[in-house]
C-alpha cells in the first residue's frame, strides 16, 4: 500500500472515532471534542476527494464557528456539576440502536444495488474558479436565499436571547 | 494513476457518510440534553455534505454543484446552530435545565 493510502485510512479512522466519541461519551465537553475531531477528519476526506477549498471552508465554518457556538451553549446552560449525565436508560439505547441499524441496513442495500459500477474511477477536480462561476451564474437565487436565511436566523437568535422572559 | 487505490473507490466514502448518519441518528434519539441533540444534528449535516461531494466528484463530468450545495449545507448548519443556541438559552432561562424529555409546556 502507498503512504497515501495509509494516511487515508488514518483520516477515516479519525473521523469514525470522532463520530463515536461525539455520540457515546457521557460528558458534553468530550462529545464536543469528538465532534471537532470528526470535522477535521471530514476535512481530510474532502482533500482526498480533490476539494481543498471545501476542506478549508469545513475547518473555518465547522471547527471555527459552529463548535465555538456549541461550546458557548454548553457554558451558558448552567454549571456542570448540577447537570445529569448524558446516559439515559439502556432500554432506550437498545431501541435507538435497533432503529438505526435497520435503517442503515436498508441504506446499505440501496447503495450496493445502485452504484456498483462506480468504483475504480478517479475523483474529478473542481477548481475554485469553476465553483465561483457556478455560484454567481447558475445558483444565484439559492446563494442569495442562504444569505437571507443566515441574516434572519442571526437576528432571530438575538431576539430570542434578548427578549425571552426568564422564570427560574 | 492506477484505479486500485483505496481512496479512488466511491463506496468507501458512501460508507463513511453512512456511518456518520447512523451516529447522528443514534445521538438524536438517545441523547438526554438539547446540546447533545444539536451535536448529533451537526454529524447528520456532515454526512449529507460528504455524500454530496463524493457522488458529485465521481460523476461523469466534473461538476461543481456538489461542492456548491455542500457549502449551502454549511451555511444552513451555521444558521441552525445560531437558532439552537438562542432556543437553548431561552429554555434554560425558563425551565432551569436543558433536558429534551422534560420540557412539556410551550407557553411564551
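Just a few scattered comments:
- With the helix formula -39500 (n - 2.57) applied to DSSP H stretches of n ≥ 4, chain A reaches a computed 222 nm mean residue ellipticity of -23000 deg cm²/dmol.
- Rel. contact order, % - alpha carbon contacts under 8 angstrom, at least six apart, chain B: 24 percent
- For A:65-71, mean number of other protein chain Cβ atoms within 10 Å: 5
- Taking the number of Cβ atoms within 10 Å of each Cβ as an exposure proxy, the fewest-first ranking of A:144, B:80, B:105 is B:105, A:144, B:80.
- Largest mean-square fluctuation among B:15, B:95, B:69, in a Gaussian network model of chain B whose springs join Cα atoms under 10 Å apart, belongs to B:95.
- Structure-based [θ]222 nm, chain B - -39500 (n - 2.57) summed over DSSP H runs of at least 4, per residue, nearest 500: -25000 deg cm²/dmol
- Principal-axis tilt of helix B:34-57 within chain B, Cα atoms, nearest 10 degrees: 20 degrees
- Peptide A:49-55 has a mean of 5 when you count, residue by residue, the C-beta atoms of other protein chains within 10 Å of its C-beta.
- Going from the fewest other Cβ atoms within 10 Å to the most, the residues B:71, B:52, A:97, A:136 appear in the order A:136, A:97, B:52, B:71.
- Across A:124, A:28, A:107, mean-square fluctuation computed from a Gaussian network of chain A (C-alpha pairs under 10 Å connected) peaks at A:107.
- Peptide A:38-48 is shielded by partner chain Cβ atoms: per residue, an average of 4 of them sit within 10 Å of its Cβ.
- Residue of A:156, A:34, A:109 that the Gaussian network model of chain A assigns the largest fluctuation, springs spanning Cα pairs under 10 Å: A:156
- Over the protein assembly as shown: Kirkwood hydrodynamic radius from C-alpha pairwise inverse distances, Å: 19.8 Å
A short reminder: the numbers here are calculations on the coordinates, not readings from a lab. Note that the coordinates shown come from a computational prediction; the quantities given were computed from them, not determined experimentally. Neighbour counts run over all protein chains shown; Cβ positions are idealised from the backbone, glycine included.
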